[in-house]
1. If we scan the stretch 18-26, do we find a residue that is exposed (fewer than 13 other Cβ atoms within 10 Å of the Cβ) and of a type in the set (Phe, Trp, Tyr)?
2. All but one of (1) in contact with a strand residue (DSSP E or B) (Cβ under 6 Å, 6 or more places away or on another chain); (2) modelled with pLDDT of 85 or more; (3) open to solvent by less than 80 Å² (accessible area, probe 1.4 Å) hold for Ile32; which doesn't?
Amino acid sequence: MDIIMEKEIKMHGESSLEYMCPHCGAINTCQIGILKEMYIEQFDACVGCKKHLSLTPADGIGGRVNLVIDAVESDNRYR
């Protein structure tokens with residue numbers, strides 16, 4: 001199976017991604033519907049420190065997904 005086909009198959013479903021909180025270092029997971037939510041900012045809270053986080057899935061190298069994480073102030077969540 002070529003890499004383009006693999007990426008298309010992966011992108012049509014939900015994907016569970018792990019990420020590290022930039023504030024406390026705790027490992028978190030999130031479910032992202034890759035195709036419909038790519039490049040759309042989403043919000044979550046860290047399981048360790050409860051800090052509000054911004055999550056943005058983006059294209060990565062080799063058909064993988066990069067998850068861009070940033071800690072946000074709670075009043076900036078609903079711009």
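The values are calculated or read from the model by the stated rules, or taken from the named source; none is laboratory data. Just so it is clear, the structure is predicted and the values come from calculations on it, not from any experiment. As a convention, Cβ positions derive from the backbone with ideal geometry for all residues, glycine included, and neighbour counts pool all protein chains shown. Surface areas here come from the heavy atoms of the whole protein model, side chains and all, with no ligands, DNA or RNA. Shrake-Rupley method; radii C 1.70, N 1.55, O 1.52, S 1.80 Å.
1. No: the stretch 18-26 contains no residue that is exposed (fewer than 13 other Cβ atoms within 10 Å of the Cβ) and of a type in the set (Phe, Trp, Tyr).
2. If we test Ile32 against (1) in contact with a strand residue (DSSP E or B) (Cβ under 6 Å, 6 or more places away or on another chain); (2) modelled with pLDDT of 85 or more; (3) open to solvent by less than 80 Å² (accessible area, probe 1.4 Å), just (2) comes out false.
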